[in-house]
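Structure first, then comments.
Here, each number is a calculation from the coordinates, and none is a lab measurement. Quick caveat: nothing in here was measured; it's all calculated off a predicted structure. All Cβ positions, even for glycine, are placed from backbone atoms using ideal geometry, and neighbour counts span all protein chains on display.
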Amino acid sequence: MPLKSADAIIVLGGESIARPLETALLYKAGTAPRIFVSGLGDAARNRQILIGAGVPATAITMESKATSTYANALLLKPLLEAAKVRSAMIVTASFHTRRALATFRHAMPNVNFGVTEAVNEGWPGRRELNRFAAIEFLKTLEYRLLSAFLHSCRQG
């Protein structure tokens, strides 16, 4: 569910340079004027890749403490609010798009989020993809259980 245009692009940390490279392409195509990079250990590297791909440093905002998708959303929320972002494109791996989109929509229901996948052509093959898909399945289950638990705590 990509957006044709947005106020911002969010690049999540992860396994490859495909995410910041895809983000740079979206930025250069005029998808959004601002980029937010997020992730402990990945934010600085992704910022450097973006700058190396021609994105001006002034267009990039960094969040470098998040250690999970949920933390990405929570830590980016005040930054997006301060920038008055009403729509944002999330760039992540194909196996991660559903959970990332659901997480950000849950954390910021007033923002219109879209998602696009960054294709990592360096993956060794189906076995590796299956391993990532299995991990993603477990993380999605964990997210749903945590959401249900938090919802029940708020109700009672």
Against the 2.2 N^0.38 Å scaling, with N counting residues, where does the range 8-121 land? I'd like the Cα-based Rg ratio to two decimal places.
0.92
Using Cβ counts within 10 Å as a stand-in for footprinting exposure, how do ILE35, ILE60 rank, fewest first?
ILE60, ILE35
